[in-house]
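The values are calculated or read from the model by the stated rules, or taken from the named source; none is laboratory data. No experiment lies behind these values; they were computed from the predicted model shown. We place every Cβ from the backbone using ideal geometry, glycine too, and count neighbours over all the protein chains shown. We work out accessible area using only protein heavy atoms, side chains counted, and drop any ligands, DNA or RNA first. Shrake-Rupley method; radii C 1.70, N 1.55, O 1.52, S 1.80 Å.
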Amino acid sequence: QVQLVESGGGLVQAGGSLRLSCAASGRTFSNINMGWFRQAPGKEREFVAAVTWNAGGTYYASSVKGRFTISRDNANTVYLQMNSLKREDTAVYYCAADQSGSTWNYWGQGTQVTVSS
C-alpha cells in the first residue's frame, strides 16, 4: 500500500523558516515525479513545487519562487525548505507523487503551516 507521510509543519512568525518532509513508502518512487501542493482556508488547492524523478528539474509557483526550495534524496523522501515565510503561506501542505499530466496519483494527509505576523 502506497503511503505519503508529511511532517515538519507548525507555527512560525513571518520571515521565519520551516522545512517540510514527505516520506514515501509502498513502492519505488525513485523513477517518478514528486511535488507539494497547499490549500488555504476557503481556497482551492494549488501547486507549490515539483521535482522530477531524477531531481534534474524543479518547478515552482510564482508566489514561492526564490523563497521555497524543493529537493529529494535517494530514499523516497522529498523536502520543501520554506524561507521568508509570509502570512499568505498559511495553509495545509500536501505531498504528492506519480504525476501523469496534470494528475497526481498519490497524496499525503497534509501538514498544517501557520504563519503569524
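Restricted to the stretch 29-49, and to residues there that are surrounded by fewer than 21 Cβ atoms within 10 Å (Cβ to Cβ) and among the hydrophobic types (A, V, I, L, M, F, W, C), the residue that is modelled with the lowest pLDDT is Ile32. Filtering the stretch 59-91 to residues that are among the small types (Gly, Ala, Ser), over 23 Å from Gln13 (Cα atoms) and within 13 Å of the chain's Cα centre (by Cα) leaves only Ser71.
Here are some residues: Gly26, Gly10. Which one is open to solvent by less than 60 Å² (accessible area, probe 1.4 Å) and in contact (Cβ under 8 Å) with a residue 40 or more places away in the chain? Give the derivation first.
On the way: Gly26 fails: in contact (Cβ under 8 Å) with a residue 40 or more places away in the chain.
Every option except Gly10 fails the conditions.
Does Leu4 count as more than 16 Å from Arg87 (Cα to Cα), at pLDDT 95 or above, open to solvent by less than 70 Å² (accessible area, probe 1.4 Å) and out of contact with any Lys or Arg (no Cβ under 9 Å at 6 or more places or on another chain)? In short, yes.
In the stretch 70-98, the residues that are over 14 Å from Phe29 (Cα atoms) form Cβ pairs under 8 Å with partners that are assigned to a helix (DSSP H, G or I) and of a type in the set (D, E, K, R), at six or more places apart or across chains, as follows: Met82/Asp89. Annotation note: of Ser116, Ser63, Ser102, Ser84, the sole residue that is at pLDDT below 95 and surrounded by fewer than 18 Cβ atoms within 10 Å (Cβ to Cβ) is Ser102.
Is it the case that Asn74 is within 21 Å of Gln1 (Cα to Cα), out of contact with any strand residue (DSSP E or B) (no Cβ under 8 Å at 6 or more places or on another chain) and exposed (fewer than 14 other Cβ atoms within 10 Å of the Cβ)? Yes.
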